[in-house]
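Everything on this sheet refers to the single structure shown next.
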Amino acid sequence: MMAEPDAPQPGDAEEAIRAYKQILAAVIDRRPSGTRQRLADELGKNRSFVTQITSPSYSVPIPARHIPSILAVCHFGPAERDGFLTAYDRAHPGKAPLPEGFRRHRHLALSVPDLGDVRRNEALDRAVVDFVARIAALFGEDGG
C-alpha cells in the first residue's frame, strides 16, 4: 500500500512537526510574559504540557483540537497564522480545524507613488486595499 503523496514520510514527520512548532515558538516569544500560562489555563493543562507542545525541541505533536485555542490566545498575525496552519497541515494533512471564517491570504508587494503627504498616502493605501477587497469579493468563495 502506498502512502498518500501529501502525507509526511516517517523520517519527515519530526521535521514537519518541528516546522510548525518553530513558528509557534517565535509567536509566543514576541508575546507578553504569561502567555504560556494563559494558554495552559485555556487548554486546561499544566505549563509543562504547553512547553512540550510549543517547543521545537520536543517531537510531541499539537493535538488538532487545541489549534483554535492556540490561535486565539497567541494572537497570530495573518501571515503567521497562515504559515502556522500551512505547516501544521503539512505535518498532519486534513487534521487542523480551521477557525470560523478563516481564509488564507497571500502577500502581494505593490509600488505606488509617494504623494508627499502622510494623510494623502494613507488615503491612497486605504483606497488600494478597499479596491482589492471589492475585486476579490467579485470572485467569491468558489474562486470565480
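The values are calculated or read from the model by the stated rules, or taken from the named source; none is laboratory data. Quick caveat, the model's predicted, so the values are computed rather than measured. Backbone-built Cβ (ideal geometry, glycine too); neighbour counts: all protein chains shown.
Laid out as a table, the results:
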{"item": "Listing of helices (runs of 4 or more DSSP H) fully contained in the range 10-88 that carry 2 or more residues being in contact (Cβ under 8 Å) with a residue 60 or more places away in the chain and hydrophobic (A, V, I, L, M, F, W, C)", "result": "10-29"}
{"item": "Sole residue being farther than 15 Å from residue 36 by Cα and outside the structural domain of residue 25 (by TED's automatic domain parsing), chosen from 87, 96", "result": "96"}
{"item": "Flag if residue 91 is of a type in the set (Gly, Ala, Ser) and within 13 Å of residue 20 (Cβ to Cβ)", "result": "yes"}
{"item": "The range 12-56, subset among the acidic types (Asp, Glu) and within 20 Å of residue 87 (Cα to Cα), residue farthest from the chain's Cα centre (by Cα)", "result": "12"}
{"item": "Qualifying residue in the range 89-108 (condition: modelled with pLDDT of 85 or more and either among the aromatic types (Phe, Trp, Tyr) or at positive phi (or both))", "result": "no"}
{"item": "Residues within the range 109-135 that are in a helix (DSSP H, G or I) and modelled with pLDDT under 80, tallied", "result": "1"}
{"item": "Where residue 78 falls short, out of the listed (1) in the same structural domain as residue 42 (by TED's automatic domain parsing); (2) at pLDDT 85 or above", "result": "(2)"}
{"item": "Output for the range 62-91, where each listed residue is of a type in the set (Ser, Thr, Tyr) and under 8 Å from the mean Cα position of the chain (by Cα)", "result": "86"}
